[in-house]
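Please read the structure below before turning to the comments.
Throughout, read-outs are computed from the coordinates displayed, never taken from laboratory work. Keep in mind the model is a prediction, meaning the values are calculated, not measured. Every residue, glycine among them, receives a Cβ derived from its backbone with ideal geometry; neighbour counts consider all protein chains shown.
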Amino acid sequence: MSTATLTISSKNYSSWSLRGWLLTRMSGLPFEERVLPIDDPNTRAELLLLSPSFLVPCLAHDGLEVWDTLAIAEYLDEIRPEAGIIPKERVARAHCRSIAGEMHSGFANLRSALPMNLKAHYPNFKVWAGARGDIDRIAAIWTEALAASKGPYLFGRAPTLADAMYAPVAARFTTYDVKLDPVCEGYRRTAMTWPLMQEWIAAAMAEPEELDELDVEF
């Protein structure tokens, strides 16, 4: 198969680019990165939540393009089933897909209240009430998955689609100093110390571009 290209946007601000990049790295598919500038209209629409449909990340491979994160995950699972992006066991597979889908389509209040910004840190950040329900639901999702799998990742000893989908949430919780119960705090640390996350975070810290709208003083 030919080398793939993954088009992404800002590593500091783009949670969806992070998800697509994690999934592609997890698959083992060789790929080149193409990074859109922060002033690209599609990039700004994604980062500022101005559009319900985003064109990044986009995976180009073997004559096709796949641009939705869940579609990228399903495609990679089809061509690289040995990578275990989606669990093999039927019940775990259905559960993984369900909580990944919930992340994909929900939690709008969380996205608005706690925009991803890996370079920032806001100690004792006050989370407005509209986002608290989303945080509580995510904590319940993590707790249920970890109770069934015994961790350290959501579906056991290796990361899956679910971890790729929720890793940016762990990053948001870190940036905004969200207080969690011991089980969820343990998972947050696991997600943030995942070697692929550490690689992405290092690249984000070196990124020169800034988006003023997402660097406001809270």
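Computed from the C-beta positions of Ser98 and Ala206, the FRET efficiency with R₀ = 35 Å rounds to 0.45.
From a point 7 Å beyond the Cα of Glu32 in the direction of its Cβ, which residues of segment 3-23 have a backbone N at a distance under 16 Å? Correct set: 3-8. Measuring nothing but alpha carbons in segment 90-201 and taking Rh as the Kirkwood radius, the Rg to Rh ratio lands at 0.94.
In a fully extended conformation the segment linking Arg90 and Ala158 would gain 22.8 nm over its present Cα-Cα distance, using 0.36 nm per residue. Per-residue 3J(HN,Hα) values for segment 81-97, derived from phi via the Karplus relation 6.51 cos²θ - 1.76 cosθ + 1.60 with θ = phi - 60°, read x, 5, 6, x, 4, 10, x, 7, 5, 4, 5, 5, 4, 5, 5, 4, 4 Hz in sequence order (x marks Gly and Pro).
At an R0 of 45 angstrom, the distance between the Cβ atoms of Ala108 and Asp62 translates into a FRET efficiency of 0.85. Across the options Ala60, Ile86, Trp142, the greatest Cα extent toward the positive end of the charge dipole of the chain (unit charges at beta carbon of Lys, Arg, Asp, Glu) belongs to Trp142. In plain terms, the C-alpha convex hull of the chain casts an average shadow of 11.4 nm² when viewed from every direction. Maximal additional length on extending the Thr193-Thr143 stretch stands at 16.1 nm, based on 0.36 nm per residue less the C-alpha distance. Coupling constants for segment 127-134 follow from the phi torsions by the Karplus curve (6.51 cos²θ - 1.76 cosθ + 1.60, θ = phi - 60°), and in residue order they are 7, 6, 4, x, 8, 4, x, 5 Hz; glycine and proline get x.
From least to most packed, judged by other beta carbons within 10 angstrom and beginning with the fewest, Val169, Val183, Val91, Val127 follow the order Val91, Val183, Val127, Val169. Scanning the chain for GluC sites (Glu not before Pro) in DSSP loops with at most 15 other Cβ atoms within 10 Å, what's the longest stretch left with none? The longest such stretch corresponds to 90-208.
Each 5 Å bin from zero holds the following percent of Cα-Cα pairs in segment 70-135: 3, 14, 17, 17, 13, 13, 13, 7, 2. Once the Cα-Cα distance is subtracted from the 0.36 nm per residue extended length, the Arg132 to Ile79 segment shows a gain of 15.2 nm.
Listed by chain and number, the lysines whose C-alpha is less than 21 Å from the C-alpha of Lys150, apart from same-chain residues fewer than 8 away, are Lys88.
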